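Reviewing the structure listed below.
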Amino acid sequence: MTSDPPLPPDRPEPRRIATKTDFARELTLAKDRAGVTVREIAAAVGAPASTIGGYLSGKHLPALRPADQLPRILAACGVTDQGQVNLWWQALRRARRAGGDQTSPTSPAGPPVPVPPDTAPARPDGRRVLVSTRPPVDRLTRGPEVRGRQEVTERLRRDLDALAGQRAALAADVLVLCGLGGSGKSTVALLAARMAAERGIPAWWVSGQDPDTVMAGMQALSAELGADPDQIKAGSPPDLVWRLLEAYPGPWLLVLDNADDPPGTLALPGAAVSDGNGWMRSVRTGRGLVLVTTRDGSVGTWGDPLPPWLELIPVRPLDAADAARVLMDLAGPGAGTDEQARDLAARLGGLPLALCLAGRHVAEVAAIPAAFAGPRAARTFTDYDRALDEGRHAEVLARTGPPGDGPAGDAVGRTWELSLDLLAGRGQPTARPLLRVLSCLGPAPVPCGLLLRPATLALSPLFGPVSGREVWETLRALAGLGIVEPAGPGTTDVVVVHQLVRDMSRRAPDVRDRIGEHLALVTELVVGAATELDPRDPATWEQWRSLVDHTFSPLDLVLGFGISPRAVPPGVLTAATLAARYLRASGQPARAEAAYARLVRLGVAALGEHDPRVLEVQHDLSRVWYDLGRLGDASRGLRTVLRARSQTLGPAHPDTLTTQHYLGRALRDAGQLDAAWRLFRKTLDARRAVLGEDHPDTLTSRNNAADALRALGRHEQAGRELASVLAARTRLLGAEHPATLVTRYHLARLAHDRDDLAGARAALRALVDDYLRVLGPEHPRTLLSRQALIEVRHDLGEREQALAEARELLAQRRRLLGDRHPAVLVTRHRIGLLLVDLGAYAAAEAELAEVLAARRLVLGPRHPETALARASLSAVRARHR
């Protein structure tokens, strides 16, 4: 790093002035360069020549009043630039404060101003507080290039230009830079201080970390502005410093850094920060700017509503590109590719403090010979990412570099723990356990209203009695400190926990020491939310979308902390299983398959492959393969589960029979109709023996066995059996029970198969009316019956009416299910066939081509429905051409 160039000795330079003698020397240089005499200066100023001579000889200094005296002297000596005039004002105040006639070494900013010893505040242990009001701008030379702050620095540049030129009034004269600890707020403030110096604007820096430090800093500022020790000791310190600031004749910048507890450090006891009688006030003269850095960005802290003279400016983590460049700048080109830097930057959440620690760590380790660094050393971005995967956060996020660059040890994690300490001190002790729970959930936005149930929290020993209002206020407080962020404007109902905050908070000692209680609470929260939502009901799907990623949280905790299967709560798989069923029901078979596969993998690792809960998930995974048309995979999976359930639960256990029943369905759809019918009969016989003739599951087996007969072409036998099941279900469940309506649906389909089109149409019309009344217009079975009625109308030749109803059904299914749900594609396929019969071949070809493409993507190229769409499209193209 190069140092600042020396100041030229033959030119007047106010930054060299520290004493009365220095002032005389520099003013004489200005006079001589301008070629004016003492009398000419005196005439221009309207002062006696002897007075001007005293200034030039060092006998005395110009007075601070009238405020235009010094600028007129300087103008007579050819100094008119406002930035230079500001520097001369600073120099005059230093010289007046210093007194005496000794000369001083040159210094661009002058020496730190000590607080008079009899007025400096002392800490409880009696130690005096040592402060300096000089901005620590040298810190900028040790860090990487500041990136991603163009918007806020441009705003500060405009405001400082306005002050330097004394042009337009500022939109707000107190700017509060707020954000998560480690987000780079102080760095932005240092940039502002450096820009101020470049414009000749004095900048003063006061630490806001605690009341004693603020008091010491403000007293030092008062002394620098010309107050004598008696003034500092007497009266109101805030009133004194603000009288001096408002009397200052030129522009100025005051930075209150790290004021993380504004009510405790900036306001008078019992007063609000924005009352205007504490350390922070509006700049009434319009010549100054106050810049505050803080973690607390809550409107309630700074004034609700905010006063017009104050503006909150969030300082957020860096975006992927800027964050990656910070890593590359610090770690060097050998650390990895730009893509790897982006991946690590995303892992660190774009937090500047974490990025700097990571980049410096990689650079430092890379400089160590491999023989000394060790095999696990993080020499590259990929190594560093692996270290985070292994939970070595304290090692790789510890501070490197010179003192003063940040907190020692666990630099990143400690900054958030201090924020939690602050909230506890404000009477919000639930902030820490609430953040721990949020961190134990998934990385997706957290639907707080759905998951954070006060009654459940209150039953946990981690919380104790807590009300809904307390939970809400704590969420607002965490959001105010930037620890969590609202997922949308103006709400804390859905919040996002910064990824690094989440990673480190879930590794905190109090989580590790009480992991059993955290696991129990998280399990209860996700199970409580999931079990109230029917995964098959479209009305619940919006809530499921926000919940699904959190349902795996209990399993992640079990594996992440190595919890023994004996200590795992019974419901550890429940919520994730229901979430996977939602994905299946909502027409997302690929996501459902991935969710079930992950459940099986984690469940086997946590509980063992023969645990009944794991077998239930494997059963469901096989059903997803069935939905995807992978009938071979489905049959193999169901056979595996069937063997395991037979061994662990017994061949006649209801769960075993459920798997056996679905294996029959897979065989039926694979064309193995005889084998399917035999398995349905075997399941039916077992259910009759175990559950009884009238049990709902027994009736389901009878219903499916009869449907298999229909598929075998044994229509008479199928009809008798379905009629018998209908009578039994009507008697036992009622005529309008959903299961009874299912049997009526099968009877209507049988009528269609037997070419009784009029009978099928009448049966389906009545069934649709009953479904509308019983289940509503949007229930999947209502829509399924409408689809069947459309197909019957098509075969009856009612093509125009069928097409109109199909388009109406398509619009409804698209709204409820999305564009690619298999049921949507069934309706579109029927529309394509109707268009063919209506002679609209081009439109039919386009429709069927889109259906084929969508089915390939959603169901796969080998699914029977995909094959049907392919055949239909080929037939249309052959006919059209």
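The values are calculated or read from the model by the stated rules, or taken from the named source; none is laboratory data. All values reported here derive from a predicted model rather than from experimental measurement. Cβ sites come from the backbone with ideal geometry, for glycine too, and all protein chains shown count toward neighbours. What goes into the accessible areas is simple: the full protein's heavy atoms, side chains included, and nothing from ligands, DNA or RNA. Shrake-Rupley method; radii C 1.70, N 1.55, O 1.52, S 1.80 Å.
So the values come out like this:
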read-out	value
FRET E, pair Ala766, Arg720, Förster distance 30 Å, beta-carbon r, rounded to 0.05	0.90
Euclidean distance of C-alpha centroids, segment 601-625 and segment 721-740, integer Å	34 Å
Contour minus Cα-Cα distance for Asp513 and Glu850 (0.36 nm per residue)	115.7 nm
Lysine pair number, Cα distance threshold 27 Å (strictly under), the chain, separation 8 or more or different chains	4
Alpha carbon convex hull of segment 550-691, volume per residue in cubic angstrom	103 Å³
Rg/Rg_globular for segment 297-346, with Rg_globular taken as 2.2 N^0.38 Å and Rg from C-alpha atoms	1.83
Sum of side-chain charges, Arg665 neighbourhood, beta-carbon under 12 Å (Lys, Arg +1; Asp, Glu -1)	-1
Rounded to 10°, Cα long-axis angle of helix 589-607 versus longest principal axis of the chain	80 degrees
Potential extension, Arg158-Leu857 segment - 0.36 nm per residue separation minus Cα distance	246.3 nm
Solvent-accessible area of Cys356 with every protein chain in place, 1.4 Å probe, in Å² to the nearest 10	30 Å²
Neighbourhood net charge (14 Å Cβ-Cβ; Lys/Arg +1, Asp/Glu -1) for Ala854	+3
Environment charge of Pro822, counting only residues whose C-beta is closer than 12 Å and scoring Lys/Arg +1, Asp/Glu -1	+2
Computed over the chain: relative contact order in percent, which uses C-alpha pairs under 8 Å that are six or more apart	6 percent
Segment 542-632: GluC sites (Glu not before Pro) in DSSP coil with no more than 14 other Cβ atoms inside 10 Å	Glu609
Sequence of Phe372, Phe680 when ordered by accessible area, the most exposed leading, probe 1.4 angstrom	Phe372, Phe680
Per-selection Kirkwood Rh - segment 712-866 (Cα, Å, 1 d.p.)	16.6 Å
Cα→Cβ-extended label distance, 7 Å offset, between Thr80 and Thr382, nm	6.6 nm
With all protein chains modelled, accessible area of Glu850 [1.4 Å, Å²]	100 Å²
Efficiency of FRET between Lys233 and Val38 - r from beta-carbon atoms, R0 41 angstrom, step 0.05	0.55
Distance histogram in 20 Å bins (all Cα pairs of the chain, percent per bin)	12, 32, 26, 18, 10, 3, 0
Potential lengthening between Arg243 and Ser646 on full extension [0.36 nm per residue; Cα-Cα distance subtracted]	136.4 nm
Value of relative contact order over segment 801-880, rounded to a whole percent, pairs C-alpha under 8 Å and six or more apart	26 percent
Rounded Å value of the spacing that divides the Cα centres of segment 518-543 and segment 812-855	34 Å
Euclidean distance between Cα centres, segment 7-80 to segment 158-198, Å	32 Å
Asp389 paired with Leu559, simple spin-label distance in nm, labels 7 Å along Cα-to-beta-carbon	1.2 nm
Degrees between helix 841-858 axis and first principal axis of the chain (Cα, 0 to 90, nearest 10)	70 degrees
Largest-first ellipsoid semi-axes for segment 137-316, taking √(5λ) over the Cα gyration tensor eigenvalues, angstrom	23, 19, 16
Nearest-ten-degree value, helix 780-796 long axis tilted from longest Cα axis of the chain	50 degrees
Prolate/oblate/rounded label for segment 783-845 (Cα gyration tensor, a/c 1.5)	oblate
DSSP-defined antiparallel bridges as percent of all bridges, the chain, nearest 5	25 percent
